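One structure is given below, encoded as structure tokens.
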Amino acid sequence: MKVRRILATKGMRVITIGPEKQIRDAVKLLARHNIGALVVVDDDERPVGILSERDVIRETAVNEQVFDLQVADLMTRDVITGTPQDDTYSLARTMTEHRFRHLPILEDGRLTGIVSIGDILKAERDQYRGEIDTLETQIMATDD
Amino acid sequence: MSEIGTQSNPLRVAIVGAGPTGFYTAEHLFKQKEYVVQVDMFDRLPVPFGLVRYGVAPDHQKIKSVTAVYDRIAQNPGFRFFGNVQIGRDITVTELSRYYHQVVYTTGAQTDRQMNIPGEDLAGSLPATDFVAWYNGHPDFQDYDVDLSHENVAVVGVGNVAMDVARILCRTPEELATTDIADYALEKFRHSNVKNVYILGRRGPAQAAFTTPEIKELGEMEDTDAYVEPEEAALDELSEAALAANSDRATMKKVEVIQSYAGRPSTGKSRRLILRFLVSPVELFGNEDGQVVKMRLVKNKLYKTESGTLRPKATDEFEEIPVGLVFRAIGYRGVPIPGVPFYDSWGVILNREGRVIDPETQAPVTGQYTGGWIKRGPSGVIGTNKPDAQETVQNMLADVAAGQIMRPDHPEAEAAAAMIAEKQPDYFSYDDWLKLNELEIAKGKAQGRPRVKFTSVPEMLAAVGKS
């Protein structure tokens, strides 16, 4: 299965934030859109990092002034990105190996989506459910 | 305003497209107990079932048996079918909004993706989808002309359409004669000169999209030997490592079957099916009549992207093979419906989990939904559309609860029926289809076949007394 299949039903919208914004803005965005990570983009909409809820939580444990920090202070800078043509299977493996849960997707260098490990699991579950359903239908037909 | 979804004021839903997803959408709508729902299902063809009838290969009848499930769904008293009615042509999207609270587009992926290589438009270079529709008796393709006098055929792609096309080309007339293949196609296959069928995959055996049963079937044909070059069947280091790390048994099994064809000596069968891996067509060459005669391939090598996917990269090694027919089966895309937001570069309706999205505001368009291949792109098997439809229906029901539905002037079943009859007097009801179905099956029985299809719309109309 390709990443494209997951992105197709996500409305082609990515929630982004600027690196100079405060963590309090980031947390509000995460809550409002009910998501786990924000892609951090520069003025040209190029991804420069990713800020996940984990990044915020970790800092909160040691710093009560976390909300005054800038996004750039907490974001992960070396972001691995994918493309819509990537296989979900290998993406999931890469995520597990590197212990992150979100991966920005670029198409022709342009940010076109973000895929979470949850998205992949859901798509794979639906695929398996579909395959089981189809197999069952065929088995039943043989017994007619 | 009175409540929607009650006995006296049912939720009225139009489903556009009578393929698997259309039926699963209806099923999920009928299964929930909160609202009383009425479904009107439209299809541009007189007959239902979409790709189950016109896509699934004729030698895969067991897969087609899923229509028994759809028949049961159609028996729901809230269900009506209007075939031979094209939304966007006979009835506009705006007109639908005057009769329904919600509309769901499940029109599938009707066209193919191009290879974008020189020579692609030569005679004999064709989309596999047209060929599939033709041999399955699709009314749009009865006049389709394919020249099976050529000995060498290339099928580009390793998905299930590529497998189907290659297999059908390699079947004997006797094998095909017991299927529901279109009569005119059977006649043409009787005189086929096809000797070698190449299946071309740009990545290796471990990345091929086909399933193990599909590849196994290729090795079990009456008069065709399956063959793969030993060096192309072998896994490269990257694939080997990925497979070992995942201990992905399904893929291991698939690779094992492919390797069992490696270097197999001919058993004297008259046709050969040659699986090729790590090659991409780069150019087609024609003769003076503009007929394709040769294909240039580049050999690929796999590399690993930073996200871990193994992708093909062209080397500087080329090869040429003689071919008289080229079928491209490298991807499919939906066709836009006038008045519905479309994401052109991927060929899908712009949507968020089935809710159609306004491209300007990114907000859902009230009352408009989508499901299946026109929603997520072509992927998965027939059953995959069931959870897909379920997701859409969940959002539809949430929107009903929130009052986010269209407010039609005529939310009555009779009013919709009258409007449809006025726009398209020759519409097909589900009873019309059942009648046609019986005629097809009866005709098939006489010949020892599952059915003999009607292959033109006028014929279908005449058969049920509509012309």
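Remarks
- Search result, residues across the stretch B:407-434 that are among the charged types (D, E, K, R) and open to solvent by 60 Å² or more (accessible area, probe 1.4 Å): B:407, B:409, B:412, B:414, B:422, B:423, B:431
- Checking each residue in the stretch B:347-359 for being surrounded by fewer than 21 Cβ atoms within 10 Å (Cβ to Cβ), assigned to a loop (DSSP other than H, G, I, E, B) and within 24 Å of the chain's Cα centre (by Cα) picks out only B:353.
- Among the conditions (1) of a type in the set (D, E, K, R); (2) within 14 Å of chain A (Cβ to nearest Cβ); (3) over 30 Å from residue A:96 (Cα atoms); (4) open to solvent by less than 30 Å² (accessible area, probe 1.4 Å), the only one that residue B:344 does not satisfy is (4).
- Total residues in the stretch B:236-279 satisfying the condition of being touching a residue at least 60 places away in the same chain (Cβ under 8 Å) and buried (at least 19 other Cβ atoms within 10 Å of the Cβ): the figure is 10.
- Residue in the stretch B:179-188 that is part of a helix (DSSP H, G or I) and either farther than 27 Å from residue B:133 by Cβ or within 14 Å of chain A (Cβ to nearest Cβ) (or both) present: no
- Positions within the stretch B:330-341 being surrounded by fewer than 18 Cβ atoms within 10 Å (Cβ to Cβ), over 24 Å from residue B:131 (Cα atoms) and touching a residue at least 40 places away in the same chain (Cβ under 8 Å), in sequence order: B:338, B:339
- Restricted to the stretch A:61-95, and to residues there that are touching a residue at least 12 places away in the same chain (Cβ under 8 Å) and polar (S, T, N, Q), the residue that is nearest to the other protein chains (Cβ to nearest Cβ) is A:94.
- Condition broken by residue B:274, with the remaining ones in (1) more than 14 Å from chain A (Cβ to nearest Cβ); (2) under 29 Å from the mean Cα position of the chain (by Cα); (3) more than 30 Å from residue B:151 (Cβ to Cβ) satisfied: (3)
- Picking from residues in the stretch A:97-120 that are in contact (Cβ under 8 Å) with a residue 12 or more places away in the chain and over 17 Å from residue A:16 (Cβ atoms), the one that is most open to solvent (accessible area, probe 1.4 Å) is A:101.
- The one condition from (1) open to solvent by 60 Å² or more (accessible area, probe 1.4 Å); (2) of a type in the set (Ser, Thr, Tyr); (3) assigned to a helix (DSSP H, G or I) that residue B:467 does not meet is (3).
- Matching residues, the stretch B:412-454, being closer than 19 Å to residue B:84 by Cα and part of a loop (DSSP other than H, G, I, E, B): B:424, B:425, B:426, B:427, B:429, B:453, B:454
- Qualifying residue in the stretch B:216-228 (condition: in contact (Cβ under 8 Å) with a residue 60 or more places away in the chain and not aromatic (Phe, Trp, Tyr)): no
- Meets criteria (under 23 Å from residue B:431 (Cβ atoms), modelled with pLDDT of 95 or more and either open to solvent by less than 30 Å² (accessible area, probe 1.4 Å) or not aromatic (Phe, Trp, Tyr) (or both)) for residue B:48: yes
- Within the stretch B:366-399, being more than 7 Å from chain A (Cβ to nearest Cβ) and out of contact with any Phe, Trp or Tyr (no Cβ under 9 Å at 6 or more places or on another chain) holds for B:366, B:391, B:394, B:398.
- Test result for residue B:362, assigned to a strand (DSSP E or B), open to solvent by less than 50 Å² (accessible area, probe 1.4 Å) and not β-branched (Val, Ile, Thr): no
- Test: residue B:259 is over 27 Å from the mean Cα position of the chain (by Cα), closer than 27 Å to residue B:148 by Cα, away from every other protein chain (no Cβ under 14 Å) and not charged (D, E, K, R): no
- Taken over the stretch B:295-329, residues that are surrounded by 17 or more Cβ atoms within 10 Å (Cβ to Cβ), under 30 Å from residue B:246 (Cα atoms) and away from chain A (no Cβ under 12 Å) amount to 4.
The values are calculated or read from the model by the stated rules, or taken from the named source; none is laboratory data. From a predicted model like this one, the values you see are computed outputs, not experimental measurements. Glycine also receives a Cβ, built like all others from the backbone with ideal geometry; neighbour counts cover every protein chain displayed. With ligands, DNA and RNA removed, areas are computed over all heavy atoms of the protein, side chains included. Shrake-Rupley method; radii C 1.70, N 1.55, O 1.52, S 1.80 Å.
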